[in-house]
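Everything on this sheet refers to the single structure shown next.
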Amino acid sequence: MDSLINAANVVLPTAYLAAAVGYATLFYARSARGGLVGSICFRAALVLHLGFLILLTLRWKQYPAATVAQALTVTAFAVAIVYLFLEWYGRERSTGLWILSLVFLFQLLSSLTWSAPPPNLKAFHSSWFGVHVTLALFGYAAFTLSGGYGFLFLRLYRELKLGRFQTFFNRLPPLEVLDRMMTGALVSGFILFSGAIVAGAAWAESLSLTRWFDDPWSIVTLATWLFYGAALALRRLRRWQARQTAVASLVGIAAILASLLVVNSVTSGFHGFN
C-alpha cells in the first residue's frame, strides 16, 4: 500500500500537468482535440486523486489531513472538484488552464513535502477534527479559486485599459462575470473559514486545550480569516473596487502558500500543539 501511495505522489502532479497542457492548447491555439485530451486527463486525474485519498484514509485510519502535505493534496482535490462543477454548469472551459495550474501547484507542493508516516493521535480521530479540517480546506479551495479568477480579471482589465484586444479579450468571459466569480469564491471561502474556526474551537475544547494560540497553524488560520474579512469589508464599503479585490486575492494565495511551507518547516503535524 505504501508503494501505491509513493507512486500516486508522482502520477498525480504529472496527470494534472498533462491536463493543464491540454487546456493550454485549447486556450491559446483553440485546439478542440487538445481541449478534449485535457478534459480526459483532468477527469482521470480526479478519479486517481479520489482513490489516493481513500487509500490514505484506509492506510492510516484517519482523515487524510494530519500533515501539511496531506492538507495540500486535499485542497488540490477540492479546487479540482469545484472547478469541474463550474465547467459543467457554465459550459465554459476557457479558465481551465489557470485553475488547473493552481491544482497542479498545490499537488506538486504536496508531493515534494510528503513525509510518512503521519502522526497517529487520538485527536485526529475526533469528529470535530474532520469537520474543522473539511471546512478549512474547502475554504482554502475557495480562496484559491478567487485568486485564479482575480488573476484572469487583472489580465483582461490590463488588455482593455491599454486598448489591446488580444488573447485574453478573445477567450475570457467579460470582466463582470470574472468579478462575480471571484467575489463569490471570496464570500464562500470566508463563510467556510468562519465555520472552520468555530469547529476548531469546539475541537480544542473537547481536548481541553488552552494554549491553542501558540500553535502556528491556528495563527495562520486566524490571520487568513482576518485578511479576507478585511478585503470583503473594504469591498462592501466601496473603499475597494474589483481591481483592488483581485490584487488582494492574489496576495492572499501567495501568503497562504508561503505560510503552509513555513508551518511545514516548524512543525511535523497539522497542528503544532498535537
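The values are calculated or read from the model by the stated rules, or taken from the named source; none is laboratory data. Note that the structure is predicted; figures quoted are calculated from it, not measured. Heads up, the Cβs are rebuilt from the backbone with ideal geometry, glycines too, and the neighbour counts pull from every protein chain shown.
Of a type outside the set (V, I, T) and under 28 Å from A80 (Cα atoms), is that true of R164?
no
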Considering each residue of the stretch 7-40, count those that are exposed (fewer than 13 other Cβ atoms within 10 Å of the Cβ) and either β-branched (V, I, T) or within 21 Å of L56 (Cβ to Cβ) (or both), and give that number. 2
Matching residues in the stretch 115-137 (closer than 30 Å to A19 by Cβ, out of contact with any Gly (no Cβ under 8 Å at 6 or more places or on another chain) and crowded, with 18+ Cβ neighbours inside 10 Å) number 3
Name the residue, out of L192, L145, that is modelled with pLDDT of 90 or more, in contact with a Gly (Cβ under 9 Å, 6 or more places away or on another chain), over 21 Å from S101 (Cα atoms) and not polar (S, T, N, Q). L192
Tell me yes or no: at least one residue of the stretch 6-29 is at pLDDT below 95 and under 20 Å from Y140 (Cα atoms). no
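Restricting attention to the stretch 206-222, does a residue exist that is surrounded by fewer than 16 Cβ atoms within 10 Å (Cβ to Cβ) and either of a type in the set (K, R) or closer than 16 Å to A254 by Cβ (or both)?
Filtering the stretch 206-222 down to residues surrounded by fewer than 16 Cβ atoms within 10 Å (Cβ to Cβ) leaves 206, 208, 210-211, 213-214, 219, 222.
So of that shortlist, the ones also either of a type in the set (K, R) or closer than 16 Å to A254 by Cβ (or both) come out as 211.
Looking for residues that are surrounded by fewer than 16 Cβ atoms within 10 Å (Cβ to Cβ) and either of a type in the set (K, R) or closer than 16 Å to A254 by Cβ (or both), one finds at least one in the stretch 206-222, hence yes.
Quick check: is even one residue across the stretch 138-151 of a type in the set (A, V, I, L, M), part of a loop (DSSP other than H, G, I, E, B) and closer than 30 Å to Y28 by Cα?
Step one: filter the stretch 138-151 for residues of a type in the set (A, V, I, L, M), giving 141-142, 145.
This time we only want the ones that are part of a loop (DSSP other than H, G, I, E, B), so: none.
No, that holds for no residue.
Determine if the stretch 194-205 includes at least one residue that is under 21 Å from V247 (Cα atoms) and either surrounded by 19 or more Cβ atoms within 10 Å (Cβ to Cβ) or touching a Pro at 6+ places or on another chain (Cβ under 6 Å) (or both).
No, every residue in the stretch 194-205 fails to be under 21 Å from V247 (Cα atoms) and either surrounded by 19 or more Cβ atoms within 10 Å (Cβ to Cβ) or touching a Pro at 6+ places or on another chain (Cβ under 6 Å) (or both).
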Could you go through the stretch 219-234 and let me know if any residue there is at pLDDT below 85 and in contact with a Leu (Cβ under 9 Å, 6 or more places away or on another chain). yes
Search the stretch 108-120 for residues that are assigned by TED's automatic domain parsing to the domain that holds L72 and pair each with any residue that is at pLDDT 90 or above and among the hydroxyl-bearing types (S, T, Y) when their beta-carbon atoms are under 7 Å apart and the residues are at least 6 apart or on different chains. S110/T73
Restricting the search to the stretch 99-132, which residues are part of a helix (DSSP H, G or I), polar (S, T, N, Q) and under 19 Å from L55 (Cα atoms)? Q107, S110, S111
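What residue, among those in the stretch 147-178 that are aliphatic (A, V, I, L, M) and more than 27 Å from the chain's Cα centre (by Cα), is surrounded by the fewest Cβ atoms within 10 Å (Cβ to Cβ)?
L162
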List the helices (runs of 4 or more DSSP H) inside the stretch 160-261, counting only whole elements, that have at least 2 residues being of a type in the set (V, I, T) and either more than 22 Å from A76 (Cα to Cα) or touching a helix residue (DSSP H, G or I) at 6+ places or on another chain (Cβ under 9 Å) (or both). 175-206, 216-236
